[in-house]
1. Please calculate the 1.4 Å probe accessible area of Val159, with all protein chains present, and give it to the nearest 10 Å².
2. Give me the log10 of I(q) over I(0) for the chain at q = 0.09, 0.16 Å⁻¹, as the Debye formula computes it from C-alpha points; what are the numbers?
3. Please list the equivalent ellipsoid semi-axes of segment 160-255, computed as the square roots of five times the alpha-carbon gyration tensor eigenvalues, in descending order and whole angstrom.
4. Taking the Cα centre of the chain as origin and charging only Cβ (+1 Lys, Arg; -1 Asp, Glu), how large is the dipole, in debye to the nearest 20?
5. Which one, Thr105, Leu203, Pro62, is farthest towards the positive end of the dipole of the chain when Lys and Arg carry +1 and Asp and Glu -1 on their Cβ?
6. Using just the Cα positions, wrap segment 68-139 in a convex hull and report its mean projected area in square nanometres, one decimal place.
7. Kindly point out which whole DSSP H helices in the chain project their C-alpha atoms 30 angstrom or further along the helix axis while averaging a Kyte-Doolittle hydropathy of 1.0 or above.
8. Quick check: at a probe of 1.4 Å, how many percent of the accessible area of segment 38-136 sits on carbon and sulfur atoms?
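The values are calculated or read from the model by the stated rules, or taken from the named source; none is laboratory data. Quick caveat, the model's predicted, so the values are computed rather than measured. Ideal geometry is used to build each Cβ from the backbone, glycine not excepted, and the neighbour counts take in all protein chains shown. Keep in mind that these areas ignore ligands, DNA and RNA; they rest on the heavy atoms of the full protein, side chains included. Shrake-Rupley method; radii C 1.70, N 1.55, O 1.52, S 1.80 Å.
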Amino acid sequence: MRTRDLGFRTGTGIFAFALVLIVAAIGFELTRQSLESIQKFGFAFWRTEIWDPVAGEFGALPFIWGTLYSSLLALLIATPIALGIAVFISELCPAVLRQPLVFLTELLAAIPSIVYGLWGIFVLVPAVRAIETSTPETLRQLPLFSGPPLGVGMLAAAVILAIMVIPFTSSVSREVLKSVPGAQREAAYALGATRFEAIRAALFYARTGIIGAIMLGFGRALGETMAVTMVIGNNPRIAASLFAPQYTMSAVIANEFTEAANPLYLAALVEIGLVLFIIALIVNSLSRLLIWSMARSARAVFTPEPEAEGIPA
């Protein structure tokens, strides 16, 4: 038994080390391929808004803005819907409907990105254009709703990203809620809680895993390419407007990689990939720190003090 346990630990360690090597190799190769752009622009590449391949001037700020803005908007739209689906399926849904709903939810995750993009062009963009044209003129004076009613733009991109994020967040949240001990709900009912209050207690108990599910969806939204490329408008400018066409990092790489006519242009596109890689690492590291701190706080709350157990400190 001890030999088997040692072998399992050794295999797990080798697997973890291989994953670290893969991540490091990806970062090294992206850095090597974008070295010319890094040497010429330095950190100005992160904060410059000009993207002019003809003049040889490249800045990633519009693409960073578009990526983060669209992903955060998608997260704001998708999170309450995904949590509602997870709570309904795990806590409220009749048994006869549970498996069909689980299947339909997970089916959304299996639909290819290009299919979402085609649906976005033919269905979502006209619907968004109708919303934009019916927006009152008083609202259109605000920066958040300014711009021509084209249909393609940040709002369409955020909605399609939210639809793509929902199955990931809801599936993980559902599994987390299923793992909540039944004693938590029974204790809530024993104290006179309503069903809503018992569900809220289960959500509080599972909050660490739910935050992890939300951050998983956020990471999914950051790297989405084809569907967003087809509906966001692909205009490299920074704007707060939901109606304005904008751009994301993955979209500019997909659109312009084959058109890179010189080494500097190609290096700039690869550096955008490096920037996206770094942002994804930062987001995932911050989410792990958040989950770790929440789990540590939960242990501190639920761990009894020695005096409470009758044990001298």
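1. About 40 Å², ignoring ligands and nucleic acids.
2. -0.62, -1.33
3. Working from the Cα gyration tensor, I get semi-axes of 40, 13, 9 Å.
4. 680 debye
5. Leu203
6. Averaged projected area of segment 68-139's Cα convex hull equals 7.1 nm².
7. Once both thresholds are applied, what remains is 61-87, 154-178, 263-302.
8. Using a 1.4 Å probe with all protein chains present, segment 38-136 comes out at 75 percent carbon and sulfur.
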